[in-house]
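A.B. asks: Encoded as structure tokens, here's the structure I'll be asking about.
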Amino acid sequence: MEAFDDCQAMARFFNDRFCVAFPDIDRHPEITDKMAIRSRLHNFFSKPLTTADTFLLGNEGDGNVSSFSLSPFGPYEFMGVDGGGGYFALDIGRIVPICRDWQDYTACVYIESQACIADQDIEGHGDGSEIHPFHTSGRELSGWEFNSNCFYDGLLLREFTSDEIIELRLHSKKYNLLLCSQYGAVGQMDRKQDINDMLAGILHGNKTITDLKKLILGFRKPEYTYAPVDQRPFEPKPLSPDILTNLLREVQQSRSGN
């Protein structure tokens, strides 16, 4: 079995995040109330995120979660990935904590989001995801503007750098993902495809959460080298949730023709 660095990083994920958010997993194995979901995830992400911390697994890719925020003006949650300008817009309707007999190496959280935008042509969107690039001013960028690093604001030409770009990933279909420690059994690189297939199966209706739990709880404990890993703190762009909400609203209005 492949060896992974830093058992302590996995234990910190378990103690600082999983146990704080789900100390009652035996009483509440699944949570669907919106306010309860927000409260649990707020506690899950309450401590600063680092590069050796929370990992996201999903059909659209994987990476370190660098930020999490709640929209104050709607049902949406925003998850930043890899410390850059990329954000997932979510409308979370179900979370399921998963852990076998309090064995920290299996700890993870299943998250299921409703569609964030109305899909006008389901067949035309493939997996139902869309990436919309914005300038930090709130201007949605066309493909040419994005590649040219400039746009016209009336008669004024505005040039910008990559640090001024926000990529907002939206979904027009139900979407799910898994949060875990990248050093636990769930984050092992050789099981990512198994997990992605299971997540896709749940969305398609031919797999269940029970099947996902059976897969994850069957993972063996990784072998560890106990070497310290880089745990640099993430410094995501200082965007308030209302800015992200406004960007999402811009997309929704443009799609509805208003």
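The values are calculated or read from the model by the stated rules, or taken from the named source; none is laboratory data. It should be emphasised that the depicted structure is a prediction, and the values quoted were computed from it without experimental measurement. Here Cβ is always computed from backbone atoms with ideal geometry, including for glycine, and neighbour counts include all displayed protein chains. We work out accessible area using only protein heavy atoms, side chains counted, and drop any ligands, DNA or RNA first. Shrake-Rupley method; radii C 1.70, N 1.55, O 1.52, S 1.80 Å.
A.B. asks: Using a basic spin-label model with each label point 7 Å from the Cα along Cα→Cβ, how many nm lie between residue 114 and residue 32?
C.D. replies: Here the modelled spin labels are 1.2 nm apart.
A.B. asks: Strictly under 4.7 angstrom between C-beta atoms: which cysteines of the chain have no such partner?
C.D. replies: Those would be 7, 19, 99, 116, 150, since no other cysteine Cβ in the chain comes under 4.7 Å of theirs.
A.B. asks: If I take R0 = 45 Å and measure r between the Cβ atoms of residue 192 and residue 47 in this structure, what FRET efficiency does the formula 1/(1 + (r/R0)^6) give, to the nearest 0.05?
C.D. replies: Step by step, r from the Cβ atoms, then E = 0.95.
A.B. asks: Moving to a separate point now. Among the lysines, which fall within straight-line cross-link reach of residue 47, defined as a Cα-Cα distance under 18 Å, with same-chain neighbours fewer than 8 residues apart omitted?
C.D. replies: 237
A.B. asks: For the chain, give me the percentage of DSSP beta bridges that are antiparallel, rounded to the nearest 5 percent.
C.D. replies: Bridges in the chain are about 90 percent antiparallel.
A.B. asks: I'd like the Karplus ³J(HN,Hα) series for segment 11-25: coefficients 6.51, -1.76, 1.60, θ = phi - 60°, whole numbers in Hz, and an x wherever there's a Gly or Pro.
C.D. replies: 5, 5, 4, 5, 6, 7, 10, 4, 5, 5, 7, 9, x, 10, 4
A.B. asks: Nothing charged except the Cβ atoms of Lys and Arg (+1) and of Asp and Glu (-1): what's the magnitude of the dipole of segment 1-56 about its Cα centre? Round to the nearest 20 debye.
C.D. replies: 360
A.B. asks: Considering only protein heavy atoms, what is the solvent-accessible area of residue 82 at a probe of 1.4 Å, reported in Å² to the nearest 10?
C.D. replies: Approximately 90 Å² for this residue.
A.B. asks: Rounded, prolate or oblate: pick one for segment 132-258, where a ≥ b ≥ c are the square roots of the eigenvalues of its C-alpha gyration tensor, a/c under 1.5 means rounded, and failing that, prolate if a/b is larger than b/c, else oblate.
C.D. replies: It comes out oblate by the Cα gyration axes.
A.B. asks: Charges only on Cβ, +1 for Lys and Arg, -1 for Asp and Glu: so what's the dipole of segment 171-258 about the Cα centre, in debye to the nearest 20?
C.D. replies: Using only the charged Cβ atoms, the result is roughly 280 debye.
A.B. asks: Going through segment 1-62, which trypsin sites (Lys or Arg not before Pro) have at most 14 other Cβ atoms within 10 Å and a DSSP loop state?
C.D. replies: 27
A.B. asks: Using the Karplus curve 6.51 cos²θ - 1.76 cosθ + 1.60 with θ = phi - 60°, work out ³J(HN,Hα) for each residue of segment 204-216 in order, rounded to whole Hz, and write x for Gly and Pro.
C.D. replies: 7, x, 9, 9, 10, 4, 4, 5, 5, 4, 4, 5, 5
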